[in-house]
There are 2 protein chains.
Amino acid sequence: MRGGLTRQLLSCLARPRGQVRPLYSFSESTRAPATVPFTKELFGVKRGPYAEVTSDDIQQLAALVDGRVETDKDDLLMHNTDWLRSLRGCSPCVVFPKTTAEVSAVLKYCSDRRLAVCPQGASTSLVGGSVPVFDEIIVSTAKMNEVIEVDTDGGTLTCGAGCSLDHLEHAAKNQHLFFPVDYTIREAQLGGIVAAGLWPDRARPATVLPDGTVLDSMSTMRKDNTGFDLKQIFVGSEGSLGIITKVAMACPSLPKHINVAMVYTDSFHKVLGIMRMTKAHLGELTSACEFMDNEAVMSVKKKYLSAWGVPSKPFYVLIETAGQCDMHDEEKLKTLFNALKDKELILDGQIGPLNYDDPTFVERLWNINTRILAALSRGGNVYHYDVSLPHDKQYKLVEKLRKELSGEILKVASFGHLLDSNLHLALQSHNFDPETSDELDRTITDYVTRAGGAVSAELGCGFRNRNLGAHCKDPVEVKLMRQMKQLLDPHGIMNPYKVFPDGA
Amino acid sequence: MRGGLTRQLLSCLARPRGQVRPLYSFSESTRAPATVPFTKELFGVKRGPYAEVTSDDIQQLAALVDGRVETDKDDLLMHNTDWLRSLRGCSPCVVFPKTTAEVSAVLKYCSDRRLAVCPQGASTSLVGGSVPVFDEIIVSTAKMNEVIEVDTDGGTLTCGAGCSLDHLEHAAKNQHLFFPVDYTIREAQLGGIVAAGLWPDRARPATVLPDGTVLDSMSTMRKDNTGFDLKQIFVGSEGSLGIITKVAMACPSLPKHINVAMVYTDSFHKVLGIMRMTKAHLGELTSACEFMDNEAVMSVKKKYLSAWGVPSKPFYVLIETAGQCDMHDEEKLKTLFNALKDKELILDGQIGPLNYDDPTFVERLWNINTRILAALSRGGNVYHYDVSLPHDKQYKLVEKLRKELSGEILKVASFGHLLDSNLHLALQSHNFDPETSDELDRTITDYVTRAGGAVSAELGCGFRNRNLGAHCKDPVEVKLMRQMKQLLDPHGIMNPYKVFPDGA
């Protein structure tokens, strides 16, 4: 969920902390945790050859973490149920280590006992990567939430894996740094985000391997060219190779000003033209270039006040700049706006600096973008896909789906991060239907694979995409992934039933 | 060798192709290849348990690559000798595959026969990473020099591993893209650069494993979150795990204007102050912020005309911007310049836009920076170190060396890429002395390790740094590197005697 660097750039604007943000959450429309069916039953998963957790195990684990173990039924229900309230495991306990050494002791114990482990941050995974399927021991990073060091000159923020995005953004901003991670769910914790591979380039994690070995690749030095780049294997491994306990993040300087324009146009072809001119005019200043189609924006307009004043148009492009000189940035954005009009690429639009006396202008425009999925989910069930595709093939997929899909689907809405070739698809129906879901999986995976794209651009594989990911991957790569897994986690205790296809 | 994004940004300026660039080459001051001692003898290296290359092997290999095999004595001498003319192997042949399939066939043959292999690009490694030590078969990427695809909208350049930097820069520029790799030796080939790990974040390579398996991670999609990030293991593996045959590079838009300022100051403390204000004023516009000390600049002034007009000052900072609007960029640079004067951080300086009627102004200032090592090497032997260090510990190392070193060392010059915490040290002496070299290795490695830095920031381990790298690495990491090596290259045929410490 981002656009280029985007969303959290908003934090540069004065805004009271604690103000309610537009959460990307389906919770309003979905069921109570206790009614969520068990994943193992819904998907017919077979339990792996792990030991059963005994009450003695729980006592032993508690002793390793100074008693910080949760076994209360209601609390366990929350930890066992995923963010979207659609998957549910049956772990008997959550362990809360506070230090890397405690994580090491816990994993060593689980490894020796052959107990399966499910690492968990704020459990905001949208693909079921952070909830157990059976009785895996949940190891939470939540108590490792310290900002350890901020190096303003070097541009590095070193912090515990359990720090939330809000916390990190605040810590960075205090030192004039820009925390380069964006995700609309602000509770998300850094360890989980790095493990999910969302922003791979800037993170140097310290990781505990399944046998308790600590691998500290957490140099605060940006450049270290002395051997293989091992840390990178853990960035994006989704907890299946170890647990990230600390991260050193490279952070750029905080931009001083954010400006936003929303422009309207009548074809996706012109959307791409707008993107090209944006790059040419704004260059290094561009922090986001997001498109949304009519179905996406009108859904928000229907459900939230935040889209007031936005007319119904075929396509919308949200352009954001993040720079050091407001006057220059405004001028560049205005020049771009006029150039787009001259070239007849846009019908009209709203531009931040022109009525910038309204401090919530930027926020309001972004609200439209970030509320699309939530708005659609208020009107029923949403099948959500997040794919990478070459630009010229993106909207053809949307049109194909609208044309070919059965009557089950009420609406196909799309939006995307143009600078990253990343397309989000939201297909609305009255209810979830397994057959429709399978049909969509097949159609979209085939299309994306043929077009040279990726079936998961941002969200990872987790439980939901475990088969899709492998489907469009070179078998050589899947084999090598298995070998790495075997090397680092020989007993297969780390986050089983995820990432790898069924039967792997 | 870069500063932030730096050097090749110069290509944005109109400049005739083919103009001689300031090469970072020691060749003027060093010996003829035929007089370079054999590495195995100079360093007492023991040959690994590989098969001896027979004339039948050479015939078989030739058959696999359509006869493209070099066995001429003079040509072999060039391929066996390193860029700095200080290391020399005795390979009996160079193989020139043209395709990934040919590389696969060659490696499979060598693997089956247990023949050791030395991958080679333009052989511009400054740590002996690309020349054999014994009779390794040299597999050259030079003939895989096609630009395969340029996707301007997606910002991706896909090309063969043998493309040179000049070639790539030109191909990118033609499509309004900015090739994000910089290295002063322009012959350097992309495969070698990616293998050496110089710019890890933007490259997606296709790699041939030692047994001939092709691993194609070369998606042109920036975001692919479907499994482990395997490609990253090869980025920086220096040919010890496989051969990179193609690379998809993510390229930003081409900046339209480059401006440069050179400012003078009297302490390293103020150098850091200048860096802070540069970040605050120029932010996203900053493409380089380089410091040089008096010893470094005066060496260039003595040897090259290019430093005319530059006075003798204790410290110099070169600041470069790369943006879309010349007027804005100039204004920001002038404002910064005046703010630096107001705060008494600088003594004086030269600023690009103020006399920008001279089209070679930018080039001239950069020439000073890029000629430091070459200038020093004209006056004798140079011991060169390239380390990462926290800013506040950088110049203390320079001062320590000046104070403590024996009379052997004539001059300690330093310069660095401030935005990357990267310090280059050049220690000049009349002649190379093994004992002084060892003493320097120890002193610098100890200091850097204690300060939490990295002993090789840019250049890799290769042959020269194979022991230094391991010295300051966590043994857990070295062990894991060995396990990866064992997994991917069980017979150890790929680039032996490099990367790993002696006896590994």
Using the number of other C-beta atoms within 10 angstrom as an exposure proxy, rank A:Ser86, A:Ser299 with the fewest first. A:Ser86, A:Ser299
If Lys and Arg each add +1 and Asp and Glu each add -1, what is the summed charge of the other residues whose beta carbon sits under 13 Å from the beta carbon of B:Asp211? +2
Considering only Cα-Cα distances, which of the following residue pairs are longer than 21 Å: A:Lys302/A:Lys393; A:Lys313/A:Lys396; B:Lys301/B:Lys411; A:Lys256/A:Lys334; B:Lys270/B:Lys341; B:Lys143/B:Lys246? A:Lys302/A:Lys393
What are the distances, in nm and sorted shortest first, from the label point of B:Pro314 to the label points of the same position in each other copy, with each label point placed 7 Å from Cα along the Cα-to-Cβ direction? 6.5
For region A:31-140, state what percent of all Cα-Cα pairs lands in each successive 5 Å bin, counting from 0 Å until the bin that includes the largest distance. 2, 13, 24, 25, 19, 12, 5, 1
Only Lys, Arg (+1) and Asp, Glu (-1) charged, at Cβ; region A:31-140 dipole about Cα centre in debye: 360
Centroid-to-centroid separation of region A:123-153 and region B:109-157 [C-alpha atoms, Å]: 40
Considering the options B:Gly416, B:Ala457, B:Ala426, tell which one lies farthest towards the positive end of the dipole of region B:380-461, charges being +1 on Lys and Arg and -1 on Asp and Glu at the Cβ, about the Cα centre. B:Gly416
Taking amide H atoms as placed 1.01 Å from N in the peptide plane, list the residues 5 or more away in sequence, or in a different chain, whose amide H sits under 5 Å from that of A:Leu177. A:Leu254
Compute the label-point distances linking B:Lys343 to its equivalents in the other copies; points lie 7 Å from Cα along Cα→Cβ; give nm, one decimal, shortest first. 3.8
Dividing the helical contributions, -39500 (n - 2.57) per DSSP H run of n ≥ 4, by the residues of chain A yields a 222 nm value, nearest 500 deg cm²/dmol, of -10000 deg cm²/dmol
Between 0 and 90 degrees, rounded to the nearest ten: what's the tilt of helix A:391-404 against the longest Cα principal axis of chain A? 80
What's the ranking of B:174-187, B:394-407, A:453-466 by average number of surrounding C-beta atoms within 10 Å, highest first? A:453-466, B:174-187, B:394-407
Radius of gyration, Dmax [chain A; alpha carbons; angstrom]: 22.8, 74
About the Cα centre, and with charges only on the beta carbon of Lys, Arg (+1) and Asp, Glu (-1), how big is the dipole of the protein assembly as shown? Nearest 20 debye, please. 420
So which of A:Lys108/A:Lys231; A:Lys223/B:Lys231; A:Lys231/B:Lys40; A:Lys223/B:Lys303 end up more than 28 Å apart by C-alpha? A:Lys231/B:Lys40; A:Lys223/B:Lys303
Positive dipole terminus of region A:380-488, leading residue within A:Ser406, A:Leu480, A:Leu468 (C-beta point charges): A:Leu480
May I ask for the net charge around B:Arg114, where only other residues with Cβ less than 13 Å from the Cβ of B:Arg114 are counted and Lys, Arg are +1 while Asp, Glu are -1? -4
How many angstrom separate the Cα center of region A:260-324 from the Cα center of region A:462-499? 37
Kindly give the distances from A:Pro490 to its copy-mates, label point to label point, with each label point 7 Å from Cα along Cα→Cβ, as nm values to one decimal ordered shortest first. 1.6
Sum of side-chain charges, B:Glu52 neighbourhood, beta-carbon under 13 Å (Lys, Arg +1; Asp, Glu -1): -1
How big is the protein assembly as shown in terms of Cα radius of gyration and Dmax, in angstroms? 28.5, 86
Which loop trypsin sites (Lys or Arg not before Pro) in region A:24-103, with loop taken from DSSP, have no more than 14 other Cβ atoms within 10 angstrom of their Cβ? A:Arg31, A:Lys46, A:Arg47
In peptide A:276-285, how many Cβ atoms from other protein chains are near each Cβ within 10 Å, on average? 6
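Bear in mind these aren't lab numbers, they're just calculated from the coordinates by the rules spelled out. Keep in mind it's a predicted model, so treat the numbers as computed, not measured. Quick reminder, even Gly has a Cβ in these numbers, built from the backbone with ideal geometry, and neighbours come from all protein chains shown.
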